[in-house]
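> Could you have a look at this structure, given as C-alpha cells, before my questions?
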Amino acid sequence: MKRVLIVEDNREAAESLQLLLAKEGYECYWVETKVSAYEAIKIYLPHICILDITLPDGNGIRLCESIKREHPDIAVLFVTADDREESLVAGFKAGGDDYLIKPFRSRELLVRIEAAVKKYGKTEAENQNWYVSGNLRMNFEEMKVYKDGNRLELRPKEYALLEQLVKANRGLLKRTRIFAEIWDSEGNFVEENNLSVLASRLRNRLGDYEGKPYFETVWGIGYRWSLPIVYAKSG
C-alpha cells in the first residue's frame, strides 16, 4: 500500500483529500505544519508528500527542499491555490515533481499522484516489513532500527531482545523465553544478571517517547513493550 503524507492547514481540504485517496487504496497521513511534517516523514517514510505552499509555520517550498535533500526518493506534489508563475517555478526548482492548482478535478489529482510515485519505482524501503512505535521504525528482516529518522546501531543481542519485545505485541515476555531464544542456542552458561544488563543497555539506547520508556520490567518475571505498535508492510 502506498503511503501519502498530506501537509495542509485547511482541515476541510485535508479531509476531502484523505477520503478520496483512501477510496483509491492509499494509506494517508495528515499534518498541518512544517514541523509536524518533518516528524511524520521520519516515522512513516511516505511514498509521496502533497504540500500546500502556505503553511502556518513557513513555506511549503522550503519544506520541499528539505524533503528532497534528506529523502530524494520521496515524490513531492504541490497542491495549492497559489497560481503565480514565480511560485510554480520555485516549486520545481526546489525539487517538486508536479504542481497542481486548486480547484482541481479528482481524477487529475489521482493520475498525477500515480505518475509521481511511479517515477521513483521501488526504493530501499519497498518489500520490507516495518514496525512503528513512538518515534522508532524497525525492520527485523534487515536488522534496521531508526529513531527520529536516524539509524540506531545495536549489538546482535540488543536486536534480538528488541525483536522479541516488539513481536510479543505488548504481551508479557518471560525471562525464561528470552534465555531460551537468545542464549541457550549457544550452549554457554549464562548468569541471570546478564539479561538485566542487556535490558538496561537496550533501554538506554532506545531512550523514551514523550517521557515514557519503550518497555517496562515485570519484576522477577520478564518484560513488556509499553507503547502502541503499528505493523506496516511496504509495497
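The values are calculated or read from the model by the stated rules, or taken from the named source; none is laboratory data. Since the structure is predicted, the reported quantities are computational estimates derived from the model, not experimental observations. Virtual Cβ from ideal backbone geometry, glycine too; neighbours counted across all protein chains shown.
> Taking segment 144-159 as the search range and keeping residues that are surrounded by 14 or more Cβ atoms within 10 Å (Cβ to Cβ) and free of Cβ contacts under 8 Å to residues at least 60 places away in the same chain, which one is farthest from residue 44 (Cα to Cα)?
157
> Additional query: For residue 71, only one of the following conditions fails: (1) modelled with pLDDT under 90; (2) surrounded by fewer than 17 Cβ atoms within 10 Å (Cβ to Cβ). What is its number?
Only one criterion is unmet by residue 71, namely (2).
> Starting from segment 89-112, keep only residues that are β-branched (Val, Ile, Thr), then list their pairs with residues that are assigned to a strand (DSSP E or B) whose Cβ atoms are within a distance under 8 Å, requiring at least 6 positions of separation or different chains.
Listed by first residue and then by second, the contacts come to 101/80.
> Which of the residues spanning segment 162-179 are in a loop (DSSP other than H, G, I, E, B), among the aliphatic types (A, V, I, L, M) and surrounded by 14 or more Cβ atoms within 10 Å (Cβ to Cβ)?
Result: 168, single match.
> Another question, then. Can you tell me which of (1) assigned to a helix (DSSP H, G or I); (2) within 25 Å of residue 229 (Cβ to Cβ); (3) without any contact (Cβ under 8 Å) to a residue 40 or more places away in the chain is the one residue 66 doesn't meet?
(2)
> Hey, another quick one. Which residue pairs have Cβ atoms closer than 8 Å, lie 6 or more positions apart in sequence or on different chains, and pair a first residue in segment 191-202 that is under 11 Å from residue 158 (Cβ atoms) with a second residue that is among the hydroxyl-bearing types (Ser, Thr, Tyr)?
Matching pairs, first to second residue: 199/217; 199/223.
> Then there is this: Which count do you get for residues in segment 81-118 that are over 25 Å from the mean Cα position of the chain (by Cα) and in a strand (DSSP E or B)?
2
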